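The block underneath contains the structure these notes are about, expressed in C-alpha cells.
The values are calculated or read from the model by the stated rules, or taken from the named source; none is laboratory data. Only a predicted model underlies this, so the values are computations on that prediction, with no experimental measurement involved. Don't worry about glycine lacking a Cβ; one is built from the backbone with ideal geometry, like all the others, and counts go over all protein chains shown. Side chains are part of the model used for accessible areas, which takes the heavy atoms of the whole protein and leaves out ligands, DNA and RNA. Shrake-Rupley method; radii C 1.70, N 1.55, O 1.52, S 1.80 Å.
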Amino acid sequence: MYQVIARKYRPQSFSELIGQEHVQKTLTNAIQNQRIAHGYIFSGQRGTGKTTVARIVARCLNCIQGPTARPCGVCSSCVEISAGNSVDVIEIDAASNRGINEMREIRENVRYRPARDRYKIFIVDEAHQITKEAFNALLKTLEEPPEWVVFILCTTEAYEIPNTIASRCQHFSFRSVDFDEIVNRMKMISTEEGIEADEETLSVLAQAGEGSVRDSLSALDQAIACCGKVLRVDDIRALLGMFGTESLRAVAEAVHKQDGGRMLEIVQELERNGQSLQHFSRELSRYWRNLLVAKIAKKPSRLIPASDREQQDLLETASWFSEEDLTRYLNLTLDLYKTLQSSLQPRLHLELGLIKLVQAGKLQSIEEALAGLENSEPAQPAPARPVAAKPPDEHLTASTRVAAPRPPAFQAPPKSAPPAPPAPAGSGDLRQLLYDALIKAGSNFTADAVQHSEISLQGSDLVVRAPKAMLFSLKDASMQRAASEVLGKPVRVRVEAGENVSTAPVGAPVIAPGTNAAPDAGLRERALSHPGVKRFQELFEDAQVRTVRNLNE
Ligand SMILES: Nc1ncnc2c1ncn2[C@@H]1O[C@H](COP(=O)(O)OP(=O)(O)O)[C@@H](O)[C@H]1O
Ligand SMILES: [Mg+2]
Ligand SMILES: [Zn+2]
C-alpha cells in the first residue's frame, strides 16, 4: 500500500527531527536526568512535529533500554509505538473525543498501572477542542497523577488551554521550520525515493508549506502524483497555482518604470490564463514583503523562503526602491488583498490597486525633499521630481509624503458647472479625484459641491464638510458611488456642515481656526522671508502658508 511521504518519513528519534532544537535539547536533558513531568503541552503551527515528538518521547520513556534519549527502535515497545498500536501509549483525538465521558474514561484508565511498559502515556491531539467540563475532569488527574502517567497535550491553539491545566504542565512551543531545513529534508527524501527535482523545484514545494513540514511534504506527494519521477519547476508552479517570480517581478518593474499601461496588461494576462486574481494579490504581498526584507538585510537572508538565485533577484529588484517605498507598496497590496477577498469585481479592483502602486511610486518623501533643501542652493531647480503639497492619504500616514505636481489647474467642467473655485488646502488630491469621478458620472451639482468642501478620511469614513447650502447635493447617491470608486473599497460618506469651510482664492492667506485672526504682521513677513520657507515654496508650488506661529511663545 502506498504510504504518504509525510508519514513514511516521520522522524523516529530526536536526531532525525529538523528545527525545534530547543524542544529537543530540553526534552533530551529531562529524559537523561529522569526528570519527567506528568503533563506537557506541545503547541505550534500544524505540521511542525508535535505529534512526532510526542511519539518520540513515548519511545524514549518506554523503550526496553530506557528511559533513554536514544530509543533502540527495535524492541517491541519502540516498534509498536511507531506503528501506533502500543497498549500503553494511548492517542486520543480530542476533535472527536472531547466530552466529559471520554475524560472520565481516561480518569478511570489512569488508575491502572501500564500493561507492560514503564509509563502510560496519553497523547491528546487537538487538545484545545476539549470541553470545559472535560478539562475539569482531566484536571483532577493532573492534580494527583499516579507516578506512571504522562499526558502530552498537542494543540495549535495554546491560549485555549485553561490556565488551571497549563500551570500543571511544561509548555513547549514548536516553531515553523526554516525554509533551508525543509528544502534539505526534501532533498534527502527525493533522493531516497528516486525523484528527480532540482533545488528550485524543491524550493517552490517548500514555499507551499509556509513553514509546515507536513504541508511541504504533502505538496511533494501531490507533485509526484501529478508529474511522476521527474519534477520540473514550471509544472510544479502551475500545479500549485504559484506565480513565477516573473509576473510578480513584472509588477515591480512597472512600478519602477511608472508604467500604468503595463499593469493593465499584467491583469489581462492573469485573466487570460485563468489565474485567481485574489491569489495573485496575496502572492504579490509576499513578494513586496520579501523585497522589503531583502532591502533591509542587504544580503540573502534566511527570513526569505527562496532559493539562492531568487534571493539574488530579490536583492537586485529591491535596489530600485527605498525601504520606505517598499513599505508603502506592501501596505497598499495588503489593502488590495483585503478588498479582493470580498470584491464582486476583482479585475477592476486589481487594476485599480496596481495603478495605485504606480501612482504611489511618483511620490517623493518629505525626507528626500528636505535633504534637497539642505544640500542645494535656493536658486537650484527642484530635484528630479518637482512636488506639490499633498494631503495625507490613508495609506501614507506612516510617512509624510508629497506628490508630483498635478496638471496646473482643474479642467473646466464640461457642462454647467462654473470654473472650480480653488480648494481649501489640505484635501486637494482626494477632492480632485472625487470631482473627476463625479463629473465623469454626470453629477455636476455634486461635483461642484465637492469643490467647496473639505474632505478627509477618518478611519473608514469619508468626511465631507461643506457649507450648509450644499449639503443636499452632497447627500446624493452619486457621492457614495464616487467615493467608493476612488478609494477602491466601500466607504461610508459622512456629510457635515462646516462653517469654516474656505473657498478663498489661491494665495489669500487662510487663517486656521483657533489661531489669532491677525497674527503679528512682522512675524509673518519674517517667516516668509526665511530661506527655508522660501525654498519650500519653490519646491511645493501650490503650497500656502496658513498659519505662522512663534514657537517661543
Ligand atoms: N520537525 C520536523 N522534522 C521532520 N519532519 C517533520 C517535522 N515536523 C513535521 N514533520 C513531518 O510532518 C509530518 C507530520 O508531523 P506531525 O508531527 O504530525 O505535525 P503536528 O505538529 O501537526 O502534530 C511528520 O510525519 C513528518 O514527516
Ligand atoms: Mg499532530
Ligand atoms: Zn526500544
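Express the carbon and sulfur contribution to the solvent-accessible surface of region 179-240 as a percent, rounded to the nearest whole number, probe 1.4 angstrom. It would help to have the intermediate numbers written out before the result.
Numbers: 1250 of 2720 Å².
Taking all protein chains in place, region 179-240 shows 46 percent carbon and sulfur surface.
Carbon and sulfur: what percent of region 250-307's accessible surface (1.4 Å probe)?
Details: 1420 of 2860 Å².
Heavy-atom surface of region 250-307 belonging to carbon and sulfur, 1.4 Å probe: 50 percent.
Summing Lys, Arg as +1 and Asp, Glu as -1, what charge do residues with Cβ under 11 Å from the Cβ of F151 carry, F151 excluded?
On the way: positive: K120, R168; negative: none.
Charge balance near F151 sits at +2.
Would you please give the FRET efficiency between R309 and R272, computed as 1/(1 + (r/R0)^6) with r the Cβ-Cβ distance and R0 = 35 Å, to the nearest 0.05?
On the way: r = 28 Å, r/R0 = 0.79.
Given R0 = 35 Å and the Cβ-Cβ separation, E is 0.80.
For region 5-174, report the translational diffusion coefficient in µm²/s to the nearest whole number, using Stokes-Einstein at 37 °C, 0.692 mPa s, and a Kirkwood Rh over Cα pairs. Please list the in-between numbers first.
Working: Rh = 15.9 Å.
Answer, rounded: 206 µm²/s.
What is the Cα centroid distance between region 186-233 and region 298-319, reported in whole angstrom?
Each part reduced to its Cα centre gives a spacing of 21 Å.
Could I have the simple spin-label model distance between S301 and N550, label points 7 Å from Cα toward Cβ, reported in nm to one decimal?
The modelled label-to-label distance comes out at 4.9 nm.
Please list E192, E199 in order of solvent-accessible area, largest first, computed with a 1.4 Å probe with all protein chains present. Let's see the in-between values first.
Details: E192 125, E199 95 Å².
Highest to lowest solvent-accessible surface, that is E192, E199.
Once the dipole of region 5-174 is set up with Lys and Arg at +1 and Asp and Glu at -1 on Cβ about the Cα centre, which of G73, I152, I5 lies farthest towards its positive end?
It is G73, whose Cα lies furthest towards the positive end.
Expressed as a whole percentage, what fraction of the accessible surface of region 5-174 belongs to carbon and sulfur atoms when a 1.4 Å probe is rolled over the protein heavy atoms?
Ligands and nucleic acids excluded, carbon and sulfur give 44 percent.
Hey, could you grab the Kirkwood Rh for region 245-361? Inverse mean 1/r over distinct alpha carbon pairs, Å, one decimal.
On the way: mean 1/r = 0.0707 Å⁻¹.
The Cα-based Kirkwood calculation yields 14.1 Å.
Once both labels are modelled 7 Å past Cα along the beta-carbon direction, what's the E253-R526 spacing in nm?
Here the answer is 5.7 nm between the modelled labels.
Give me the distance between the Cα centres of region 234-282 and region 1-55, rounded to whole Å.
For region 234-282 versus region 1-55, the Cα centre distance is 40 Å.
Would you grab the residues whose amide H sits under 5 Å from the one on Q170? Only those 5+ places off in sequence or on another chain, please, with H modelled 1.01 Å from N.
So Q170 has HN proximity to G39, Y40, I41.
Just to verify a number: FRET efficiency for E143 and Q32, C-beta to C-beta distance, R0 = 35 Å, to 0.05? Display every interim value, and only then the final one.
Numbers: r = 27 Å, r/R0 = 0.78.
Calculated value: 0.80.
Where Lys and Arg each count +1 and Asp and Glu each count -1, what net charge lies around D93 among other residues with Cβ under 12 Å from its Cβ? Don't skip to the end; give the middle numbers.
Values: positive: R98; negative: E91, E102, D125, E126.
With Lys, Arg at +1 and Asp, Glu at -1, the net is -3.
Got a sec? Charge dipole of region 1-153, +1 on Cβ for Lys and Arg, -1 for Asp and Glu; which of L27, A37, S15 is way out at the positive end?
Selected residue: S15.
Work out, step by step, the length gained on full extension between N136 and S319: first 0.36 nm times the residue separation, then minus their alpha carbon distance; give nm to one decimal. Intermediate values should be presented prior to the final figure.
On the way: separation 183, 0.36 × 183 = 65.88 nm, distance 5.72 nm.
Taking 0.36 nm per residue and subtracting the Cα distance, the gain is 60.2 nm.
Be a star and scan region 190-205 for residues whose amide nitrogen sits under 15 Å from the point 7 Å along the Cα-to-Cβ vector of C226.
201-205
Could you work out how far the C-alpha centroid of region 122-178 sits from that of region 68-89, in angstrom?
22 Å
What list of ³J(HN,Hα) couplings, whole Hz, do you get for region 175-192 from phi and the Karplus terms 6.51, -1.76, 1.60, once you set θ to phi - 60° and write x for glycine and proline?
Coupling constants for region 175-192: 9, 5, 8, 4, 3, 4, 5, 5, 4, 4, 5, 5, 4, 4, 5, 5, 4, 4 Hz.
Sort H22, H128, H256 from largest to smallest accessible area, using a 1.4 Å probe on the heavy atoms of the protein chains. Working shown, then result.
Values: H22 55, H128 35, H256 85 Å².
Largest accessible area first, the list is H256, H22, H128.
At 1.4 Å probe size, with every protein chain present, just tell me what the per residue accessible area of region 140-192 comes to in Å². Show your work: numbers first, answer last.
Numbers: 2750 Å² over 53 residues.
I get 52 Å² per residue for this part.
Express in nm, to one decimal, how much length is gained between E108 and V74 on full extension, taking 0.36 nm for each residue of separation and deducting their alpha carbon distance.
Details: separation 34, 0.36 × 34 = 12.24 nm, distance 3.11 nm.
In short, 9.1 nm is gained.
Taking the Cα centre as origin and putting +1 on Lys and Arg beta-carbons and -1 on Asp and Glu beta-carbons, what dipole magnitude results for region 1-104, to the nearest 20 debye? Write down the numbers at each step before the final one.
On the way: 12 positive and 7 negative charges, 38 e Å.
Dipole size: approximately 180 debye.
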